[in-house]
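Working notes for the structure below.
The values are calculated or read from the model by the stated rules, or taken from the named source; none is laboratory data. The shown structure was predicted, so the numbers you read here are calculated from the model rather than taken from an experiment. Glycine gets a Cβ as well: all are built from the backbone with ideal geometry, and neighbour counts include every protein chain shown. We work out accessible area using only protein heavy atoms, side chains counted, and drop any ligands, DNA or RNA first. Shrake-Rupley method; radii C 1.70, N 1.55, O 1.52, S 1.80 Å.
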Amino acid sequence: MDIVLETKDLTMAFGGHVALDSVNLKIEKGTFKSIIGPNGAGKTTLFNLISGQLKPTRGQVIFMETDVTHLSPHTRTKMGIGRSFQNTNVFPNLTVLENVRLAVQSQAGILYNFVSHYKKFRAVEEKAYKLLEDVTLARKAEEDAGSLNHGEQRKLEIAMLLALETELLLLDEPTAGMSLEEVPTLLEVIREIKEKRNRTVLLIEHKMDMVLDLSDNLAVLHNGKLLAEGLPEEIMNNEQVQSAYLGGLDNGAAS
């Protein structure tokens, strides 16, 4: 069993409030795991600790057998941890293709040279275009990223993460702010990532139908603690989970 990510007694306190309390998780390579729980359960805090936006009060984050607890977000990204945020994180004044090309260049260690035009790096542009095809944005390649609708910007952000060749993808509510019409196409992009099994995915999402459809297993956070962990059907039938907060499951929501 190859463990990509492990948290050991991970704890985050803000003054007297404990947002995350001694959470122990193991994420196996190539799996799709979802973190669910009501608002305030500690899900985003967990992501912030894994990606490096926060340093824990106590505990460790182990990535690929390396303790990354005190490493910067940039260093973790270079090591293979990529994260999307609830708000899109793209360069709106650059074209869609340029956004992905810059990510490809960053991964390859190629700095922009104002003397030598970027098309000298034809392989870089071809890879960027292929990634846009993968997320169904190739037809928008020459448009400014700022002109994309919200759902398309989410897909662009995922393409940029894939360009960085991250081993672990942290997807923080990827459908947040999207219209009902936009969700299916993004869902298909995420499903394809799962089916290829060349990335390990950790997802936060409130849409339970999506979570149950995609996830290999679930971890349930409640009041900052790991309440339960297991296969989707096990979590659905867990009386402790249901009594804690999942009364809304029948309504298709986790909060």
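Note: relative contact order over the chain, using C-alpha pairs below 8 Å and six or more positions apart, is 26 percent. Between residue 198 and residue 142, the contour length at 0.36 nm per residue exceeds the alpha carbon distance by 17.3 nm. Please report how many Lys pairs in region 49-186 have alpha carbons closer than 25 angstrom, counting only residues at least 8 apart along the chain or sitting on separate chains. Pairs that pass both the separation and distance tests number 17.
Size descriptors for region 137-201: radius of gyration and Dmax over Cα atoms are 11.9, 32 Å. Express the carbon and sulfur contribution to the solvent-accessible surface of region 1-74 as a percent, rounded to the nearest whole number, probe 1.4 angstrom. Its accessible area is 50 percent carbon and sulfur atoms. Taking a quarter of the surface of the Cα convex hull of region 1-146 gives a mean projected area of 11.2 nm². Straight-line cross-link reach from residue 225 at under 14 Å between alpha-carbon atoms covers these aspartates and glutamates, not counting any fewer than eight positions away in the same chain: 9, 21. The P(r) of the chain has a tail past 31 Å containing 26 percent of all C-alpha pairs.
The overall shape of region 1-75, judged from the alpha-carbon gyration tensor, is oblate: a/c is not under 1.5, and a/b is no greater than b/c.
Counting Lys and Arg as +1 and Asp and Glu as -1 over every other residue whose Cβ lies under 14 Å from the Cβ of residue 23, the net charge comes to +2. Here the ratio of the Cα radius of gyration of region 104-223 to 2.2 N^0.38 Å is 1.19. Probing with 1.4 Å while keeping every protein chain in the model, the per residue accessible area of the chain equals 47 Å². Computed on protein heavy atoms with a 1.4 Å probe, the accessible areas place 229, 126 in the order 126, 229, largest first.
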